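Heads up: the structure comes next, in structure tokens.
Taken together, the values in this text are just the output of simple stated rules run on the coordinates, not laboratory data. Everything numeric here is computed off the predicted structure, so don't read it as measured data. As a convention, Cβ positions derive from the backbone with ideal geometry for all residues, glycine included, and neighbour counts pool all protein chains shown.
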Amino acid sequence: MAASDVDRDLDLDFVQLGSTGIQTSELQFGTWRFGRETEAGNVEIDEERAYELLDAYADAGGRYIDTADVYGDGDSERWIGNWLDERGHDRERFTIASKIFWQIRDGDPNSRGTNRKTLRNRVDAILDRLDTDYIDVLYIHRWDDRTSAREMTKTLNGLVESGKVHYLGASTLRPNAWKVTKANQIAEREGWEPFSVLQPRYNLVDREIEGDYLEMAREEGLAVCPWSPLGQGFLTGKYSREEGLTGESRAAESSRFEESYLTEENFDVHDVLDDVADEVGATPAQTALAWLTHRDGVTAPIVGARTTDQLEENLAAAAIDLSNEQVERLTEAKAGPYADL
Ligand SMILES: NC(=O)c1ccc[n+]([C@@H]2O[C@H](COP(=O)([O-])OP(=O)(O)OC[C@H]3O[C@@H](n4cnc5c(N)ncnc54)[C@H](OP(=O)(O)O)[C@@H]3O)[C@@H](O)[C@H]2O)c1
């Protein structure tokens, strides 16, 4: 990995979260890997490491923590709640986002999705684990085709009215971006709370959302907070064409990682990334994150990291300035879905 000249001693800035009234960190911190077991049976991030990472993020001025009720079977939320308490942090100073969708009990179809029962019960369980009175942003983790948009939207509105949830978000939903518009039209007609934040996968090599999804977000004034901004670590310089993984990784212990990321086409993108990284005196990871923060329509990427060194390296991306030409060169390294139309 190329050495970085970028100052790591920074204080993250705040950005407006779409059309909501709140401002939040320009780089969010993701906790998917807290307590997560890989296929090889390794825990990606244990409790002690989770606290170190949260400390490092907060020390850099980070104030937006992303979790979900299924991360680490609830441990991610539990550890965030414990950390806030143990460190004596003022919960009010943090924006905490969580998500609901995936089935949590075998043989119980109602423990999945966004039906009224699931949403109400699971919001209460999230509040318990986080030991807080409210969730800043509640996402639907995926769209639930078994529940009508009306039932979901009305229930979500009730949760906002009750004060348990402040804002609503929708995660992924590619290629179903139109469903968010449909739900928001119902909300507008009924005077209910609309979705105001989106969380799609987006990075230099995963470009599916370019086109209708980003256009929809712009049209609706929605915040866009990309997940897996480093392609699960692919865009960090530790994989090579010849040798595959050259450093250490837990994320790569997934059967789909190699097939999804270690492709000739993606290594070609990485070559361009390496060139630009050298030009700006940054690491590939920092440059890949900076590309996202420079993209029109992107609000704030959700940074993931397994170690505090990785996290500090990634957070320093906030200080990187790319020229328009560099952004364009990186953008053109891989075509989005509409390039050939
Ligand atoms: N809504 C959804 O469906 C959804 C889905 C996925 C993620 N998310 C959210 O997005 C967050 C980020 O996703 P992600 O973890 O996939 O992000 P990512 O940044 O693409 O990948 C993070 C992984 O890459 C490696 N890495 C990161 N920085 C590195 C560095 N500087 N040098 C070397 N390796 C580095 C680490 O894994 P190794 O060291 O093990 O290689 C790390 O765990 C999640 O925590 C979660 O909050 C949401």
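Could you tell me the largest-minus-smallest coordinate of the C-alpha atoms of the stretch 24-199 on each of the three principal axes, in descending order and whole angstroms?
Extents along the principal axes: 45, 36, 29 Å.
Run through every distinct alpha carbon pair of the stretch 108-147 and return the Kirkwood hydrodynamic radius in angstroms, one decimal place.
Result for the stretch 108-147, one decimal place: 10.9 Å.
Under a GNM of the chain (C-alpha, springs under 10 Å), which listed residue has the highest mean-square fluctuation: H294, H89, H166?
In the Gaussian network model the winner is H89.
Over the alpha carbons of the stretch 161-205, what is the largest minus smallest coordinate on each principal axis, giving the biggest first in Å?
Taking max minus min along each principal axis of the Cα atoms, the stretch 161-205 gives 40, 22, 10 Å.
Using the Cα centre of the stretch 24-199 as origin and beta-carbon charges of +1 (Lys, Arg) and -1 (Asp, Glu), tell me which of A187, H141, F101 is placed farthest towards the positive end of the dipole.
A187
Hey, how many Å between the Cα centroid of the stretch 288-330 and the Cα centroid of the stretch 253-287?
Their Cα centres are 13 Å away from one another.
Let me confirm the definition first: pairs of Lys residues in the chain, 8 or more apart or on different chains, C-alpha distance under 29 Å. How many are there?
16
Once all Cα-Cα distances of the chain are split into 10 Å bins that start at 0, what whole-number percent is in each one?
5, 26, 35, 25, 8, 0
Please work out whether the stretch 209-341 counts as rounded, prolate or oblate from its C-alpha gyration tensor, where a ≥ b ≥ c are the square roots of the eigenvalues and a/c under 1.5 means rounded, while otherwise a/b larger than b/c means prolate and anything else oblate?
rounded
Under 11 Å from a label point 7 Å along Cα→Cβ of R91: give me every residue in the stretch 12-50 with its amide N that close.
From the stretch 12-50, the list is empty.
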